[in-house]
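Contents: one structure, followed by commentary.
The values are calculated or read from the model by the stated rules, or taken from the named source; none is laboratory data. Since this is a predicted model, take the numbers as computed values, not measurements. In this analysis, Cβ positions are derived from the backbone assuming ideal geometry, glycine residues included, and neighbour counts consider all displayed protein chains.
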Amino acid sequence: MMIVMKPTATEEQIEAVVERVQSVGARAHISRGAELTLIGAIGDRELVARLELEGAPGVEEVVPISRPYKLASTQLKAGQRSVFEISGRRVGGDNFTLIAGPCTVESRDQTLETARIAKEGGASMFRGGAYKPRTSPYVFQGLGQEGLRLLAEAKEITGLPVVTELLDVRDLEPVLEVADVIQLGARNMQNYPLLAEVGRSGRPALLKRAVSATLDELLMAAEYILKEGNDQVLLCERGIRTFETSHRRATLDLMAVPVLKELSHLPVIVDPSHAAGRRDLVGPLSLAAAAAGADGIIVEIHPAPEEAICDGPQQLRADSFAEYAAQVERAAGLAGKALSTV
């Protein structure tokens, strides 16, 4: 449930409510607004209800949270959107985050050249995979720690924050040394032990929706991260599996953008590259996502897509990225958002 404190509530009264919530084994999540302080009581509903907090000093009202995902729900924030600052870049709210880079780190030259182009083209962050989940066990699986080293070098040279994927909890520490945002891919959306570890790490997380997952399932997955005390979660729509066969991969669920914003206060990022699987579709889908109110896009670019080790057909040509970024920025402006850069 959510406890709404009065505008006149003192710190002592807020702390007293927090202590009472914690006394029954529940977690108290404090959200401070310009006028009101909200306290989310996450735990056994019956035990919290027995506290009879209505009428307690400083308490305005007690509101049940009906959604199964308590911390991700808009009810917890009373209509306020979450805005994060990640390495100087603001994510969410009126900010539009453009994350760009190659599908995978292949070499030093490829990584540094792409990072430079991303920086000059206006990207907010740099993406690149050091560990790659692949359908076939016989194809390239990523450079691993050597890939992380190259990402660290790209960050040092360009100043761009790094987004990279974590597949295995055993790689958490080396990933934390480099990643400003940990990407959790569609295949790991319901890897709950991994989600919990990322939650305990405190590092911002970009959580991708699995191809057959409902939005409620995506938000419940986010809850595994949030409940560990990590409130910096970015939800990512990357296409779902449908009956359509005319395009290469998935169907981008653009309706997920406004619906997720209705259900959750968390920022919503769209991945047009993995949804389309085709370079020619990435641009239109990006513009549509930006105009629909997405808080950002994560897109793949490569200096020579024809030579890419994986997912070449869906990667934009790096030399056209600046033009692409300008078009996306204009579309985001239609939704009242400005590109987030430093």
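When the residues of the stretch 19-48 are filtered to those that are among the aliphatic types (A, V, I, L, M), touching a residue at least 24 places away in the same chain (Cβ under 8 Å) and assigned to a strand (DSSP E or B), the one that is nearest to GLN80 (Cα to Cα) is LEU38. For the stretch 90-100, check the following and say yes or no: at least one residue is touching a Leu at 6+ places or on another chain (Cβ under 9 Å), in a loop (DSSP other than H, G, I, E, B), assigned by TED's automatic domain parsing to the domain that holds LEU215 and of a type in the set (Asp, Glu). Looking through the stretch 90-100, none of the residues is touching a Leu at 6+ places or on another chain (Cβ under 9 Å), in a loop (DSSP other than H, G, I, E, B), assigned by TED's automatic domain parsing to the domain that holds LEU215 and of a type in the set (Asp, Glu). Residue count for the stretch 260-281 under the criterion of being of a type outside the set (Ser, Thr, Tyr), touching a residue at least 40 places away in the same chain (Cβ under 8 Å) and closer than 18 Å to GLY312 by Cα: the result is 2. Given the criteria surrounded by fewer than 24 Cβ atoms within 10 Å (Cβ to Cβ) and either in contact (Cβ under 8 Å) with a residue 60 or more places away in the chain or at positive phi (or both), does LEU285 qualify? No. Among the candidates LEU260, LEU254, the residue that is at pLDDT 95 or above, farther than 20 Å from GLY185 by Cβ and surrounded by 15 or more Cβ atoms within 10 Å (Cβ to Cβ) is uniquely LEU254. Criterion applied to THR114, THR74 was being modelled with pLDDT of 95 or more and touching a strand residue (DSSP E or B) at 6+ places or on another chain (Cβ under 8 Å), and the one residue passing it is THR114.
Condition check ((1) within 20 Å of the chain's Cα centre (by Cα); (2) in contact (Cβ under 8 Å) with a residue 12 or more places away in the chain) across all residues:
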site: VAL63; (1), (2): no, yes
site: LEU71; (1), (2): yes, yes
site: PRO102; (1), (2): yes, yes
site: ASP109; (1), (2): no, no
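Against the condition assigned by TED's automatic domain parsing to the domain that holds SER212, under 15 Å from the mean Cα position of the chain (by Cα) and on the phi < 0 side of the Ramachandran plot, how does LEU260 come out, does it pass? Considered against the rule, which asks whether it is assigned by TED's automatic domain parsing to the domain that holds SER212, under 15 Å from the mean Cα position of the chain (by Cα) and on the phi < 0 side of the Ramachandran plot, LEU260 comes out as yes. Scanning the stretch 133-180 for residues that are of a type in the set (Lys, Arg) and either in contact with a Leu (Cβ under 8 Å, 6 or more places away or on another chain) or within 12 Å of THR111 (Cβ to Cβ) (or both) gives ARG149, LYS155. In the stretch 110-128 there is at least one residue that is closer than 15 Å to GLN183 by Cβ and in contact with a helix residue (DSSP H, G or I) (Cβ under 8 Å, 6 or more places away or on another chain).
Against the numbered list (1) among the hydrophobic types (A, V, I, L, M, F, W, C); (2) on the phi < 0 side of the Ramachandran plot; (3) in contact (Cβ under 8 Å) with a residue 60 or more places away in the chain, ALA78 comes up short only at (2).
Looking across the stretch 317-327 at every residue that is touching a residue at least 60 places away in the same chain (Cβ under 8 Å) and not acidic (Asp, Glu), the one that is surrounded by the fewest Cβ atoms within 10 Å (Cβ to Cβ) is identified as ALA326.
One residue alone among LEU167, LEU143 is farther than 24 Å from ALA325 by Cα, buried (at least 18 other Cβ atoms within 10 Å of the Cβ), free of Cβ contacts under 8 Å to residues at least 40 places away in the same chain and over 20 Å from the mean Cα position of the chain (by Cα), and that residue is LEU143. For residues that are in a strand (DSSP E or B) and under 23 Å from GLU223 (Cβ atoms), scanning just the stretch 49-63, find the one that is modelled with the lowest pLDDT. My answer is VAL63.
So that you can scan it fast, the table gives a plain yes or no per residue for (1) modelled with pLDDT of 95 or more; (2) touching a Ser or Thr at 6+ places or on another chain (Cβ under 8 Å); (3) assigned by TED's automatic domain parsing to the domain that holds VAL299:
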site: MET189; (1), (2), (3): yes, no, yes
site: SER201; (1), (2), (3): yes, no, yes
site: PRO204; (1), (2), (3): yes, no, yes
site: LEU215; (1), (2), (3): yes, no, yes
site: ASN230; (1), (2), (3): no, yes, yes
site: LEU235; (1), (2), (3): yes, yes, yes
site: ARG241; (1), (2), (3): no, yes, yes
